[in-house]
Structures are given as C-alpha cells and as structure tokens.
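Right, one structure below, let's go through it.
The values are calculated or read from the model by the stated rules, or taken from the named source; none is laboratory data. Not measured: the values here are computed from a predicted model. Ideal geometry is used to build each Cβ from the backbone, glycine not excepted, and the neighbour counts take in all protein chains shown. Surface areas here come from the heavy atoms of the whole protein model, side chains and all, with no ligands, DNA or RNA. Shrake-Rupley method; radii C 1.70, N 1.55, O 1.52, S 1.80 Å.
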Amino acid sequence: MSIIVPKTQQILAQAYANINAPTGMFLAIHNADPGQSGTPSTEAPSTNGYARKPVTWNPVPAGSGTATAQQVNMTVPAGAWTYAALWDAATGGNMIDRVAIGNSTFQTPSTLLVTPSFTIS
C-alpha cells in the first residue's frame, strides 16, 4: 500500500532522517551488493583516505515525503564501486539501508559525490 497522505509521508520521511540521531548515520561505499544484513567485506578498504563519512539530513519540507541529506564527498580507492550504504556507526555497526549507484570505476584514488535521499510514496 502506498502512503498517499502528504502529512504522513512527511512524518515518515522525517523519522527516517532521525534514525540514530544522537550519533548520526554514516555513508559507506561498496564494490558489490552488501545484502540485507550488510556484508562488510564488500566495503571499500580503509586505504588512500577512505573512511565512512557522517550524513547530515536537511529538514523535510512540509508536505514532502522525501528526506534529502547534504552531499557527501567520499574519497575512494581505485576500483569499481557499485553500492552506497548507510550505517549506524563510523566503523562496524549495523547497516540501515543500501542502494545501487551504478558502476563508478576509478583508475586512481578519487572523490565520489553522493547525495543521500529517501522517499515515501
């Protein structure tokens, strides 16, 4: 069932943006689908400046079912990166959600720009 009431969409989107609010959400980049449980072996290795980055959510606009975060600049090692995931810790922790980002292949360490968003429809 779709959520069609705008106020309900806004409340649910804001609840998502508030997940783990005291310590924040962290963005990670993966070279394969981390699966529903968050397989850490697919995450980029902590080399060449890679580390999970905190996500800062913007306020959800009135009547909107979309939570959008500020753009995150991820330093990634050379390789093919196909998934982004949100985690509840800077290292270890639990995966909150994931999304395919297409194939971003880099020959050298590079910067990958990611703008997390979540939509209730």
Task: Nearest-10 value in Å² for the accessible area of residue 121, using the 1.4 Å probe - done: 90
TODO: Keeping the other protein chains in place, figure out the carbon and sulfur percent of the accessible area of the range 3-55, with a 1.4 Å probe.
DONE: 60
Open item on the list: As I understand it, the dipole of the chain uses +1 on the Cβ of Lys and Arg and -1 on the Cβ of Asp and Glu, about the Cα centre. Which of 17, 89, 111 lies farthest toward its positive end?
Closed with: 17
Task: Unit charges at the beta carbon, dipole of the chain: most positive-side option, 34, 8, 121 - done: 8
Open item on the list: Can you compute the equivalent ellipsoid semi-axes for the chain, i.e. the square root of 5 times each eigenvalue of the Cα gyration tensor, sorted largest first and rounded to whole Å?
Closed with: 27, 14, 13
- [ ] Could you size up the charge dipole of the chain around its Cα centre, putting +1 on the beta carbon of Lys and Arg and -1 on that of Asp and Glu, and report it in debye to the nearest 20?
- [x] 180
Task: Extended-chain gain in nm, criterion 0.36 nm per residue less alpha-carbon gap, residue 88 and residue 32 - done: 18.2 nm
Open item on the list: I'd like the Karplus ³J(HN,Hα) series for the range 104-118: coefficients 6.51, -1.76, 1.60, θ = phi - 60°, whole numbers in Hz, and an x wherever there's a Gly or Pro.
Closed with: 9, 9, 10, 7, 9, x, 9, 10, 10, 9, 10, 10, x, 8, 9
Task: Sequence ranges 10-16, 27-33, ranked by mean other-Cβ count within 10 angstrom, highest first - done: 27-33, 10-16
Open item on the list: Using a probe radius of 1.4 Å on heavy atoms only, what accessible surface per residue do you get for the range 37-98? Whole Å² is fine.
Closed with: 47
